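Working notes, beginning with the structure itself.
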Amino acid sequence: MNWETGKIFKRILIAILFSPLFSFGQKFTFSHLDIEDGLIQSQVTHFAQDSKHRLWIATFGGACRFDGKDYLKISKSKGLSSNFVYTVFVDKHDRLWIGTDDGLLCTANGKNLRFAVSPGHKNNTTTAIAAGKDGTIYCLVNNKLYRVRDKSLVAMQITGSEELLTCFNISDAGVIYAAVYNKGVYSFDHNKWTLQASSAFNGQTAVIGKILFDKFKKGNILLCSTNNVFQLAGGELKPYADNLLAGAAKPFSCIEQDADGNLWIGSVKGAYCIKSNRIIGFNSQNGFTDNPVIDIYNDVDNNLWLGTSGSGAYKYEGDGYLTANPKVQTNNSQIIIGLAKTKNGEVLANVSGTGIMKYEQGVLSPYLLPTNNLNTSLVSCLFTDRQQNIWIGTNFGGLWRSDGAGFKMFPWTTSSIINVISQAADGAIWFGTSLGCYRIAKNGVQAITRAPTFVSTLLPLGADSVLIGTHNGVQLAIGNKIVLEPALSFLDRSSVYSMLRVGNAILFGTDDKGVFVWQVNTNKYVNIDVAEGLKSSSIYCMAADNNGQIWVGTGKGVNRLKKSSGRLMFKVLNNSYPKSEIAEANQGSLLLSGDEMLLGTTKGLKIYKTAQVNPRATPPQTVLNEVRIYGKNGKYRSLMDDSAAAPLKLSHDQNHIAISFLGIHLKDPESVTYQYRLTGLNDKFSQPVKNPFVEYFSLPPGKYCFEIISIDGNGRQSGNSVLARFEIVPAFYQGTIFKIIVLLAFLICGIIIQTLWHQKKKRRKMLLESIKKEEVVKIRQQTAEDFHDDLGNKLTRISILSEILQSRMGEGKEEERKLVEQIKSNTLSLYNGTKDILWALNPRNDNLYEILRHIKEIGIEQFADTAISFEMTGLHTDLKQYRLNMEHSRNLLMIFKELINNVLKHAHATSVRIIASRQDNEKLLLAIRDDGVGFEADMLTTGYGMNNIKARAKRINAHLSVESSKGAGTITKLIINLKQV
């Protein structure tokens, strides 16, 4: 902070003035940062905040940065010339400026630049830093104003060289306001200094230590002096709220406005807040400290920070959650068991071991009962009926009733512990004890028949019907007897501590299973437990507020439920009360009083504002702390902060990445959760996690983008923050070109191997076929020769012997001659047939030319010695290239022998012609034509010979067609595919 001189500043820090303070009520909630938490030093002098919402704290032991979790410390060991840091400032370029008793320091990108008025000068104390609208840095050094130009400081005089400035500030419009000691407040605009007000006040000089521009009232300027707060108006200093500040501890050190426009004032003993024309003091009596407050700072997230001399830093958590402050010392750490309201609206709280106390405006004070017979230390529960009578249950002290004028005790109730009291719709009072359940009606007291031994809670349902909670579920009582035991099977073996009816639903609080919600009209139930957001499975009390919320007192503090359309019927709301104490609630200790929900716990009476909202709260800011890139040897390269956010190109063996990050949410750092994803690996965000660290192993080559969402306790998200982009370059053997080359190489090798194998197989097959053919040729050749030599000789001998026999026969043996003639004829036929077999066996005849030539020979032979002329055309030697196997040769030969035979038998022709003709080098047409009598087309299928011809043509894949008509001859065509022979 800025003071008249360094001596004045130090004198104020050690001054302690014991002024009478105001009456302090409830205890407020503060978060505390001190050296045991990691703060560099406990004398906090100033606050600032960077663009990532991290808090910078100046102390007399150096400066440190707080992100809600860790501290980054800067001291002489990290480049400071002095650890006495008076002020810190972060400009729009995120450069950190530090003012020490040894001058001004700017640190950016790991480099430090020091500014001094006179190098080597003993006093360069820098107490204030600010930036103009154009980004120019101004500072207060040795109580003189300077402007940073390039790498030097340029003095700015206002009244003369001997002037002493106590503070300065710059408005949003860029106007500089400066307080000159013993002269006044000046403004600098359009290169001109103008006096705004004299510093004289009531005959004394007001030492101005802080200039504040009102954030809610444009043009309003507030000034903090050692003894007063002033408003700059009409060219003079006007006291501000002097009637409220009259009894405040002085001197004052600083002022600040919070998010609601309330004015906070730092003093030599704690702090003050002027709110709604009343003043609230904060010191050790209500949750703060008695140490001097040096600086107050409202950050961009609307957190209010207070820097103290010797107690570190505090963050004010607001008045949404408070703790009642007892006026007198109580026993047993203020264990509150039971709350109730009197006829005139007073709230009574039963403090275990102490008795009944009255709660008012955050304070618990003794409550005087109009009787001396009640031992208040034995009180176990409180209840207010619809007639505003107070009922008090005790431990073996009986049941008591107060109508405001006096107390009545029911003497027969002293034999047990009274646990709970309630009232049915018919006005009857029900109370449960350790020995059973009872009902007080107009006709007297009735014990509930078959009631359980121990009754923990009661819930009226109708005129005379009540649900009774026990250590083994619930039972239904109507009138003076139990009618349903157990009433609900899902509560069997559960201790029911509390019950609440909300519309058509009844909520049951159990000892270890959370809350059961039973829908009466549908008889359906659901269970809400820790997994759904409850702080504890032990539910001791429940109450509804005026905002449609159900408050649940658990074994670890309070939860809120709200109706929903989901499966659970109620959802658990997020905690909007940061730093609320973890305290075990007690039975019957939850009461709505106006806009406050009062909760009795083992650590006192907790006060919650039911309409607590924080519309100005901002979502977390996500920052990247570190990226670690691991190599093959396990060593890693570390990239910190902004350097880690730059796009990275990594080699293929740098595929082990570890990333640490943080969602900065100074309002409630512990509530932040994270969802992240690494696009390029997974496009879906992870489930919410608390750990701000993730590690990826063996990432494949590719482009990646790491994104994260930070979520606060109320579900506000930071948005998708792209924190790190990197590309893992594939190794040369992982590249597409290399893969294509390898694939092609494999394909070529495969083709070569396949080709070689196929060729080898083909050669082997051809060799085998060649060997087989040679063997077949040899066999056929040998068979033909042997058959010709053996059978031919024998047939010739038979023929010769037949002729000899015929020549020796005398006359008169005609019959014998005919027989001999038949033998000769058959022998000749057999010989001719043998010639066809021998021709077919000869391998030299396995070509188309030899077959056709043989057909021609058959034709000449068959038509010899007849009146039929025969010719064959188209027989060319180039047909030798087409070789036929024996089956094709035989079938083709037999087809034409049959056709020639048909002409001889049936055609009565005078001429026959066989034509061989090539068609488009792929087909051969063989046609036999006669000029005989012909036949009708329907006679074509009746002959056995023609059917054989067709069958043989099909075997050799030849196309057969016959054209004939009565008296016009016949032409039979056979088309052979030369590629298939």
Under a plain spin-label model, where a point goes 7 Å from the Cα along Cα-to-Cβ, how far apart in nm are residue 385 and residue 595? 3.4
Cross-link partners of residue 897 among aspartates and glutamates (Cα-Cα below 17 Å; sequence separation of 8 or more within a chain): 836, 850, 857, 861, 871, 887, 930
Taking r as the C-beta separation of residue 35 and residue 108 and R0 as 41 Å, the FRET efficiency to the nearest 0.05 is 0.90
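Provide the gained length on full extension for the span residue 979 to residue 638, in nm with one decimal, where the gain is 0.36 nm per separating residue minus the Cα-Cα distance. Before the final figure, lay out the partial values.
Numbers: separation 341, 0.36 × 341 = 122.76 nm, distance 7.61 nm.
Stretched out fully, the residue 979 to residue 638 stretch lengthens by 115.2 nm.
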Expressed as a fraction of 2.2 N^0.38 Å, the rule-of-thumb size for a compact globular protein of N residues, what is the C-alpha radius of gyration of the chain? 1.90
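Between the DSSP loop rule and a limit of at most 11 other Cβ atoms within 10 Å, which trypsin sites (Lys or Arg not before Pro) in the range 359-459 are left?
Loop-located and lightly packed - 386, 442.
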Would you mind checking the pairs 76/315; 52/144; 92/217; 52/76; 773/880 and listing those with alpha carbons more than 29 angstrom apart? 52/144
³J(HN,Hα) computed for each position of the range 680-693 - Karplus, 6.51 cos²θ - 1.76 cosθ + 1.60, integer Hz, glycine/proline x: x, 10, 8, 8, 9, 6, 6, 5, x, 10, 8, 7, x, 8
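Distances longer than 18 Å among the Cα atoms of the range 846-977: what percent of all pairs is that? Before the final figure, lay out the partial values.
On the way: 4455 of 8646 pairs.
Cα-Cα pairs in the range 846-977 separated by more than 18 Å: 52 percent.
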Helix hunt in the chain: which complete DSSP H runs extend at least 18 Å axially by C-alpha with mean Kyte-Doolittle at least 1.6? none
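Enter the per residue convex hull volume of the range 494-612, computed from alpha-carbon coordinates, in Å³ rounded to the nearest integer. Before the final figure, lay out the partial values.
Details: hull volume 11.4 nm³, N = 119.
Normalising the Cα hull of the range 494-612 by residue number yields 96 Å³.
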Only Cα pairs under 8 Å and at least 6 apart count here; give the relative contact order of the chain as a rounded whole percent. 6
Karplus-derived 3J(HN,Hα) from phi for the range 390-404 (6.51 cos²θ - 1.76 cosθ + 1.60, θ = phi - 60°), whole Hz, x at Gly and Pro, runs 9, 10, 10, x, 10, 8, 6, x, x, 9, 10, 9, 10, 9, x
In the range 412-536, how does Rg compare with the Kirkwood Rh, expressed as the Rg/Rh ratio over alpha carbon atoms? 0.98
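When the helix-only estimate is applied to the chain (DSSP H runs of n ≥ 4, each -39,500 (n - 2.57), divided by the residue count), what is the mean residue ellipticity at 222 nm, nearest 500 deg cm²/dmol?
Values: 7 runs with 159 residues, N = 981.
Helix-only estimate at 222 nm: -5500 deg cm²/dmol.
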For residue 240, distant residues with modelled amide H under 5 Å away: 229, 230, 231
Could you compute the FRET efficiency for residue 193 and residue 150, with r as their C-beta to C-beta distance and R0 at 25 Å, rounded to 0.05? 0.60
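Could you give the length gained by full extension between residue 277 and residue 573, i.e. 0.36 nm per residue of separation minus their alpha carbon distance, to one decimal place? Spell out each step's value before the answer.
Values: separation 296, 0.36 × 296 = 106.56 nm, distance 3.37 nm.
Between residue 277 and residue 573, full extension yields 103.2 nm more.
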What aspartates and glutamates does residue 649 reach when the alpha-carbon gap must be under 20 Å and sequence neighbours fewer than 8 apart in one chain are set aside? 626, 641, 695, 707, 727
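How long is the gain from residue 523 to residue 485 if the chain were fully straight, where each residue apart is worth 0.36 nm and the alpha carbon distance is subtracted?
Numbers: separation 38, 0.36 × 38 = 13.68 nm, distance 1.67 nm.
Gain on extension, residue 523 to residue 485, equals 12.0 nm.
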Can you pull out the trypsin sites (Lys or Arg not before Pro) in the range 198-285 whose DSSP state is coil and whose Cβ has at most 15 other Cβ atoms within 10 Å? 215, 217, 218
Cα gyration tensor shape of the range 202-357, rounded if a/c is under 1.5, else prolate or oblate by comparing a/b with b/c: prolate
Of all DSSP beta bridges in the chain, antiparallel share, percent nearest 5: 95
Classify the range 111-193: rounded, prolate or oblate, from the alpha-carbon gyration tensor (a ≥ b ≥ c, eigenvalue square roots; a/c under 1.5 rounded; otherwise prolate if a/b is larger than b/c)? oblate
Counting only backbone N atoms under 14 Å from a point 7 Å out along Cα-to-Cβ of residue 880, the residues of the range 840-874 in range are 844-853
Can you work out the Karplus-derived ³J(HN,Hα) for every residue in the range 726-731? Use 6.51 cos²θ - 1.76 cosθ + 1.60 with θ = phi - 60°, whole Hz, and x for glycine or proline. 8, 10, 9, 7, x, 5
Where a Cα-Cα gap under 16 Å defines reach, which lysines qualify for residue 250, not counting those fewer than 8 residues away within the same chain? 10, 210, 269
Using amide H atoms built 1.01 Å from N in the peptide plane, name the residues 5+ places from residue 380, or on other chains, whose amide H lies under 5 Å from its own. 393, 394, 395
Count of Lys pairs (Cα-Cα under 15 Å; at least 8 positions apart or interchain) in the range 494-612: 13
Among chymotrypsin sites (Phe, Trp or Tyr not before Pro) in the range 211-257, those in a DSSP loop whose Cβ has at most 10 other Cβ atoms within 10 Å are 216
Once each part is reduced to its C-alpha centroid, what is the distance from the range 153-182 to the range 419-447 in angstrom? 77
Give the separation of the Cα centroids, the range 711-741 to the range 270-309, in Å. 46
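Coordinate-derived values only; no laboratory data. Not measured: the values here are computed from a predicted model. Neighbour counts are summed over all protein chains in view; Cβ atoms, including those assigned to glycine, are modelled from backbone coordinates with ideal geometry.
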